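Taking it in order: structure first as structure tokens, then the write-up.
The values are calculated or read from the model by the stated rules, or taken from the named source; none is laboratory data. Small disclaimer: the values here were computed from a predicted structure and weren't measured. Here the Cβ positions follow ideal geometry from the backbone for every residue, glycine too, while neighbour counts run over all protein chains shown. For the accessible areas, the whole protein counts, side chains as well, though only heavy atoms, and no ligand, DNA or RNA atoms are used. Shrake-Rupley method; radii C 1.70, N 1.55, O 1.52, S 1.80 Å.
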Amino acid sequence: MGMCLPCLSGAEDVVVTPDPDTRRRQLAEAAEKRQKETTYRGIKNPEALERKKKKQEDTEKQTLNSVPSGGGGLKWQVG
């Protein structure tokens, strides 16, 4: 007769809720994972893309640092 109401039969199906700090951490990790997945959507190798971006930024920084400021470049002559 106890099989009519399985939800009231016992404490077998009790779901333990994690404490708020653990829950917050889990939600943050899930959000980061979703964000990363949408950022790299359609990209086969995201690590290679990151390396390429980093290398390009470094090259741009070196180019900006190698150009002398103020004295170099083209000079206009009006006459």
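With a 1.4 Å probe and all protein chains left in place, how much accessible area per residue does segment 20-62 have, in Å²?
Details: 4270 Å² over 43 residues.
I get 99 Å² per residue for this part.
Extension gain Leu64-Trp76, at 0.36 nm per residue separation less the Cα-Cα distance, in nm? Each step should come with its number before you reach the end.
On the way: separation 12, 0.36 × 12 = 4.32 nm, distance 2.23 nm.
Answer, rounded to one decimal: 2.1 nm.
Report, in debye and to the nearest 20, how large the dipole of segment 20-62 comes out about its Cα centre when Lys and Arg carry +1 and Asp and Glu carry -1 on their Cβ.
In total the dipole reaches around 120 debye.
Cut-off under 24 Å on the C-alpha distance; same-chain residues fewer than 8 positions from Lys44 excluded. Which lysines are left, in chain and number order?
The reachable lysines, counting only those whose Cα sits under 24 Å from Lys44, are Lys33, Lys36, Lys52, Lys53, Lys54, Lys55.
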